[in-house]
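Each remark here refers to the structure printed beneath this line.
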Amino acid sequence: MKPLVVKLGGSTAGSNEMQQWIDLLAEASLPLVLVPGGGPFADHVRAMQKPLGYSDEAAHDMAILAMDQFGLVVAERSERLRPSMTIRDMEQAWNAGLVPVWLPSTMTRGAPDILRSWRVTSDSLAAWLAARLGAERLLLIKQAAIDPDEMVLDTLVARQVIDDYLPRALSRETELYVAGPESLESARDVLAASDIPGRLVVRKALEEVHGS
């Protein structure tokens, strides 16, 4: 079975939902890899950019290190979580019955297909990793409630629920799901059935699909 890639939004940091999601994902029986957002660590990078005068390229690299930091925080929350820097690390974790938490700075450093810009958030990096793993499903966990009527890729970009680079990073072979706090109640049963919490994102609106 191809692994499920799950991005845990940095916006959940410090909330009750953060630990609830971690507990659920750590218990999951299907193979998955957890991708951390940048959380308050990335917020600090953004806040200090103007006072310290560093470039967007440097800020991008620092924000990825912020994902490493939040990932280490997440990995300490369960004995079943294992910090993982490479695909080999992930494979070793899966073989040991553990859940890898991706620390992205090693794999992404110098990658020519990753734009070094604030346009690329941890959502896009999760999509990038999903493509590297050949993952068929990517789940983005958000702190904000998700409107079921807005589950169209362009709409989520326009509403700034996801970044505008993600459609480029997302493989055609990967289905995208988005979950908010409203998905927590049913998430344990859904994961136990090897299904995905949240809602499937439609890549094009129905009127585009039918050409009307």
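Of note:
- Within a Gaussian network of the chain (alpha carbon springs, distance under 10 Å), most fluctuating of Leu140, Leu65, Leu34: Leu65
- Whole-number percent relative contact order across segment 37-174, with pairs defined as alpha carbons under 8 Å at least 6 apart: 22
- Evaluating 6.51 cos²θ - 1.76 cosθ + 1.60 at θ = phi - 60° for every residue in segment 19-28, the Karplus couplings come out as 5, 4, 5, 4, 4, 5, 6, 5, 8, 4 Hz, glycine and proline recorded as x.
- Per residue, the accessible area of the chain comes to 50 Å², computed with a 1.4 Å probe over protein heavy atoms only.
- With at most 13 neighbouring Cβ atoms within 10 Å, loop trypsin sites (Lys or Arg not before Pro) (DSSP) excluded, longest segment of the chain: 1-108
- Nonlocal Lys pairs with alpha-carbon distance under 25 Å, the chain (8 or more apart, or different chains): 5
- Rounded to the nearest 20 debye, the dipole magnitude of the chain is 520 debye, with +1 charges on Lys and Arg beta carbons, -1 on Asp and Glu beta carbons, and the Cα centre as origin.
- Within the listed set Asp89, Asp113, Asp123, the Gaussian network model of the chain (springs between alpha-carbon atoms below 10 Å) gives the highest mean-square fluctuation for Asp113.
- Segment 149-207: GluC sites (Glu not before Pro) in DSSP coil with no more than 14 other Cβ atoms inside 10 Å: Glu173
- Apolar share of the accessible surface for the chain: 49 percent from carbon plus sulfur atoms, 1.4 Å probe.
The values are calculated or read from the model by the stated rules, or taken from the named source; none is laboratory data. The model shown is predicted, which means the values in this text are computed figures rather than measured ones. Glycine also receives a Cβ, built like all others from the backbone with ideal geometry; neighbour counts cover every protein chain displayed. Heavy atoms of the whole protein, side chains included, go into the accessibility calculation; ligands, DNA and RNA do not. Shrake-Rupley method; radii C 1.70, N 1.55, O 1.52, S 1.80 Å.
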